[in-house]
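The values are calculated or read from the model by the stated rules, or taken from the named source; none is laboratory data. Since we're looking at a predicted model, the values are computed, not measured. In this analysis, Cβ positions are derived from the backbone assuming ideal geometry, glycine residues included, and neighbour counts consider all displayed protein chains.
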Amino acid sequence: MKINLPYWNWGRWSDDPLTSPIFDGSDTSLSGNGAYRPHDNTFFPGMSSTPGTGGDCLTSGPFVK
């Protein structure tokens, strides 16, 4: 029996994982970051972080409906 396991060199992309080909939205990726969803980072009150650029429905890649 043969099994294919995906491999992602996490260490290579750990500084900026969203630039990795595994998240580029191509047919061989895990899809992109999703459409932008406006938010004010109130999910974790008191934390100072910049809101992300995605978070809504996927718009590219193999898991788009």
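In the stretch 26-65, the qualifying residues are those that are among the hydrophobic types (A, V, I, L, M, F, W, C) and modelled with pLDDT of 75 or more, and the one that is nearest to N9 (Cα to Cα) is L30.
Could you check the stretch 1-41 and list, in sequence order, the residues that are surrounded by 10 or more Cβ atoms within 10 Å (Cβ to Cβ) and either of a type in the set (F, W, Y) or touching a residue at least 40 places away in the same chain (Cβ under 8 Å) (or both)? Once the filter is applied, which keeps residues that are surrounded by 10 or more Cβ atoms within 10 Å (Cβ to Cβ) and either of a type in the set (F, W, Y) or touching a residue at least 40 places away in the same chain (Cβ under 8 Å) (or both), the stretch 1-41 yields W8, W10, W13, F23, Y36. Among the residues of the stretch 9-18, is any among the aliphatic types (A, V, I, L, M), at pLDDT 80 or above, within 11 Å of the chain's Cα centre (by Cα) and not in a loop (DSSP other than H, G, I, E, B)? Scanning the stretch 9-18, I find at least one residue that is among the aliphatic types (A, V, I, L, M), at pLDDT 80 or above, within 11 Å of the chain's Cα centre (by Cα) and not in a loop (DSSP other than H, G, I, E, B), so the answer is yes.
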